[in-house]
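The values are calculated or read from the model by the stated rules, or taken from the named source; none is laboratory data. Computed from a predicted model, the values in this text were never measured in an experiment. Cβ placement follows ideal geometry from the backbone for every residue including glycine, while neighbour counts extend to all protein chains displayed. For accessibility, only protein heavy atoms count, side chains too; no ligands or nucleic acids. Shrake-Rupley method; radii C 1.70, N 1.55, O 1.52, S 1.80 Å.
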Amino acid sequence: MKNAAFFYAFLCLLFLLSNNSTASGMTDDVLRIRLPQAGSLEPESTSRFYEQALRLALEKTSNASERIQFDYHPTHVQRERARLLVQQGKLDIIWSSSNKKREKELTPVKFNLIRGINEYRLLLIRADDQPRFEQVKNLADLQKFKIGSGTHWSDTDIYRFNGLPLVTAYAYAPMFRMLKVKRFDYMARSIQEVNYELEHYGKQGLAIEKSLLIHYPQPIYFFVSNDKSALAKRIQRGLEMARDDGSLDELFFAIPNFRQAWEELQKLDRQVIELKAPE
């Protein structure tokens, strides 16, 4: 009888410990999300926005026992490589500009993450060339100049589709030197990027063109692999909830270059040249 009583007490103790562990979160469900290393795809402050927006969307749609954990790829990867890693199941989510090819290879969460500020482009030129660009009034005029763009950038397909003469490069940083030595005439840079780039590369005699603005559709979405449609739907629902309650706006305007770009867009007075996206 003593042995039976001891065994019963032991079972009761295990039950209590189990309940306490659950209450403290030790046995919570863990949703592990594998992401690119911070700073792989853009400046680290911008990476933090996408990560925070993703966490916000997941938290808006989580249950009481779920814990969300982000794991990071061990090395820096370029954006094209990151998309391939999602296809291979080695990353769970990336954020990227969208085009039809990417939306076929991966499943997009069709929620434009940064309010379209990346769709408005200022021209980074050699400062001495400002008089030449003052003659540009429309797309036909702009087609007389060569644009520099990344080989794998989705922008490149848009420039090609609109008949802009192209010079492409695989690497980002050398392009500013290429502009300086006249391999091409300008780069089209988003408002949230161009001031940072001018700060770092302006000493090479570069400047922001004073009168023009290029615009084209280029939403930035989260992407997951095609076998994770349920995750895509969950993120979509969470982003919509965060938009509706204002918490996503709070995140957006906490990023200085996003806030500055949005404020500048409201007051820009420039000649806008509209480009079309490929069908």
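Key figures
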{"item": "Segment 45-64 - residue that is open to solvent by less than 50 Å² (accessible area, probe 1.4 Å) and either among the small types (Gly, Ala, Ser) or in contact with a His (Cβ under 7 Å, 6 or more places away or on another chain) (or both) and, of those, farthest from Tyr216 (Cα to Cα)", "result": "Ser62"}
{"item": "Considering residues of segment 131-165 that are in contact with a strand residue (DSSP E or B) (Cβ under 6 Å, 6 or more places away or on another chain) and polar (S, T, N, Q) only, the residue farthest from Lys100 (Cα to Cα)", "result": "Ser149"}
{"item": "All positions within segment 174-200 that are open to solvent by 50 Å² or more (accessible area, probe 1.4 Å) and out of contact with any Gly (no Cβ under 8 Å at 6 or more places or on another chain)", "result": "Pro174, Arg177, Val181, Lys182, Glu193, Asn195, Tyr196, Leu198, Glu199, His200"}
{"item": "When residues of segment 201-228 are limited to those that are open to solvent by 60 Å² or more (accessible area, probe 1.4 Å) and within 21 Å of the chain's Cα centre (by Cα), the one farthest from Arg55 (Cα to Cα)", "result": "Pro217"}
{"item": "Unique residue being farther than 26 Å from Ser96 by Cβ and either free of Cβ contacts under 8 Å to residues at least 40 places away in the same chain or touching a helix residue (DSSP H, G or I) at 6+ places or on another chain (Cβ under 9 Å) (or both) when the list is Ala188, Ala207, Ala173, Ala169", "result": "Ala207"}
{"item": "Among (1) closer than 30 Å to Val224 by Cβ; (2) in contact (Cβ under 8 Å) with a residue 40 or more places away in the chain; (3) not in a helix (DSSP H, G or I) - the single one Val136 does not satisfy", "result": "(1)"}
{"item": "Residue selected from segment 258-279 under the condition within 18 Å of the chain's Cα centre (by Cα), touching a residue at least 60 places away in the same chain (Cβ under 8 Å) and open to solvent by 40 Å² or more (accessible area, probe 1.4 Å), by the criterion farthest from Asp155 (Cα to Cα)", "result": "Gln260"}
{"item": "1 or more residues at pLDDT 65 or above: qualifying helices (runs of 4 or more DSSP H) within segment 1-110", "result": "44-60, 79-87, 100-105"}
{"item": "Considering residues of segment 160-189 that are of a type in the set (D, E, K, R) and assigned to a helix (DSSP H, G or I) only, the residue farthest from Gln143 (Cα to Cα)", "result": "Arg177"}
{"item": "Number of positions in segment 122-164 that are β-branched (Val, Ile, Thr), out of contact with any Leu (no Cβ under 6 Å at 6 or more places or on another chain) and under 13 Å from Lys276 (Cα atoms)", "result": "1"}
{"item": "Selected residue (only one of Glu197, Glu209 is under 22 Å from Leu268 (Cβ atoms), among the acidic types (Asp, Glu), modelled with pLDDT under 95 and in contact with a strand residue (DSSP E or B) (Cβ under 8 Å, 6 or more places away or on another chain))", "result": "Glu197"}
{"item": "Hits in segment 68-82 (condition: among the β-branched types (Val, Ile, Thr) and over 19 Å from Arg55 (Cα atoms))", "result": "Thr75, Val77"}
{"item": "Segment 112-159 - residue that is open to solvent by 20 Å² or more (accessible area, probe 1.4 Å) and among the hydrophobic types (A, V, I, L, M, F, W, C) and, of those, modelled with the lowest pLDDT", "result": "Trp153"}
{"item": "Residues satisfying the stated conditions in segment 229-242, i.e. surrounded by fewer than 16 Cβ atoms within 10 Å (Cβ to Cβ) and touching a helix residue (DSSP H, G or I) at 6+ places or on another chain (Cβ under 8 Å)", "result": "Arg237"}
